[in-house]
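Worksheet for the structure shown next.
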Number of protein chains: 2
Amino acid sequence: MRAGRLRLPQITATIGLPSQQSPIMTLTFEDFPPGRFGTFGPRRVTREEILAFAAEFDPQPMHLDEEAASRSMLKGLSGSGWHLCSIMMRMMFDGCIGRTASLGSPGVNEVRWLAPLRPGDDLTLDVEVTEARVSRSRPGTGIVTFKAVARNAAGQALCEWVSPIIVARRAGASSGQAG
Amino acid sequence: MRAGRLRLPQITATIGLPSQQSPIMTLTFEDFPPGRFGTFGPRRVTREEILAFAAEFDPQPMHLDEEAASRSMLKGLSGSGWHLCSIMMRMMFDGCIGRTASLGSPGVNEVRWLAPLRPGDDLTLDVEVTEARVSRSRPGTGIVTFKAVARNAAGQALCEWVSPIIVARRAGASSGQAG
């Protein structure tokens, strides 16, 4: 697993300070209408990554031991479901969140692990906005609910999650002015 | 972040082959009646771990950049929610799953991120079985639904999730014999 800091070339949002955010390249609530958003990736997942994540966070034999994995219900080495979720988060970051005025997320409505993540899989992430609404408690923000589906190169869905993310509205939106 | 393989001293279950599993120290479906199961930990989370995970999977400024984090909604550096979930998985492994005849999980019903994970937090994990039922499709197995709540040293709940795990029944249980 790579460690240390990565450079963050795409970040332009000033998190938590929507009034000061850069107007250039920063996506706000208004940029996420309900509907298909896009497909991110591909992102290859290596055997070494699968083993390193499993050793750290989920050392069940099906994620760490080739022979035990071959006898498991999943019939071969597979990545931890939490690893797959974490990779999906990174694909979301690279695809949009890294340049979005995101303030964080209260959680995940549902995670479904549908098929095993295999070493060498090339993942793509289909992203849809299922709901977008202005926050009642913080009128300068909105709640954008994303559905993300990770697929392997054959198009098979491996995992899907639905998660709300708090996103700042465009400057002036909270006071009723046009964007 | 540590990499490389960890030894797996506690694993005695032969995953996916309940009929061959070791009778010694392996927890089966019968060992998870509904109710409180236990509290695992403590497990300290370091700043270095938080930064390493964020750099790899969730490089939002609030997880990676001290100054940006201080200006964020969470008012200080906080670990990625996916990092916290992954640490909770490891605490589940160390606490029970590592010696359970687990066959995997279809997903997570709900993840709620309730308060920020901070550098230096000592986490404990409260684990409860909310439901335990024999599988209709695979009578040799049962579905054990766990609710896990991660707390900091002050007892504040940082994250909770509810997730079903497929667990083998004791040998003979599927053919209707007593345990």
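Every number in this text was worked out from the coordinates using simple rules, so none of it is lab data. Being a predicted model, the structure only gives us computed values, none of them experimental. Quick reminder, even Gly has a Cβ in these numbers, built from the backbone with ideal geometry, and neighbours come from all protein chains shown.
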- Query: What number of residues in the stretch B:108-131 are among the acidic types (Asp, Glu), outside any loop (DSSP other than H, G, I, E, B) and away from every other protein chain (no Cβ under 11 Å)?
  - Reply: 4
- Note on the structure: Contact list, first residue from the stretch B:73-101 and more than 8 Å from chain A (Cβ to nearest Cβ), second anywhere and of a type in the set (Lys, Arg), beta-carbon distance below 7 Å, six or more apart or interchain, is B:Gly76/B:Arg118; B:Ser78/B:Arg118; B:Met91/B:Arg43
- Task: Identify all residues within the stretch B:24-46 that are crowded, with 17+ Cβ neighbours inside 10 Å and assigned to a helix (DSSP H, G or I); write none if there are none.
- Result: B:Phe29, B:Asp31
- Item | Breaking point among (1) acidic (Asp, Glu); (2) closer than 30 Å to B:Ala171 by Cα; (3) facing chain A (nearest Cβ under 8 Å), for B:Asp31 | (3)
- Item | Test for A:Ala171: is it small (Gly, Ala, Ser), touching a residue at least 12 places away in the same chain (Cβ under 8 Å) and over 25 Å from B:Ser78 (Cα atoms) | yes
- Residue tally, condition more than 15 Å from B:Val45 (Cβ to Cβ) and in a helix (DSSP H, G or I), over the stretch B:70-90: 1
- Task: Inspect the stretch B:132-147 for any residue being part of a strand (DSSP E or B), of a type in the set (Val, Ile, Thr), in contact with a helix residue (DSSP H, G or I) (Cβ under 9 Å, 6 or more places away or on another chain) and surrounded by fewer than 18 Cβ atoms within 10 Å (Cβ to Cβ) and give the result as yes or no.
- Result: yes
- Give the number of residues within the stretch B:148-168 that are in contact (Cβ under 8 Å) with a residue 40 or more places away in the chain and assigned to a strand (DSSP E or B). 14
- Message: Going residue by residue through the stretch A:43-50, is there one that turns out to be over 17 Å from A:Phe93 (Cβ atoms), in contact with a helix residue (DSSP H, G or I) (Cβ under 9 Å, 6 or more places away or on another chain) and acidic (Asp, Glu)?
- Response: no
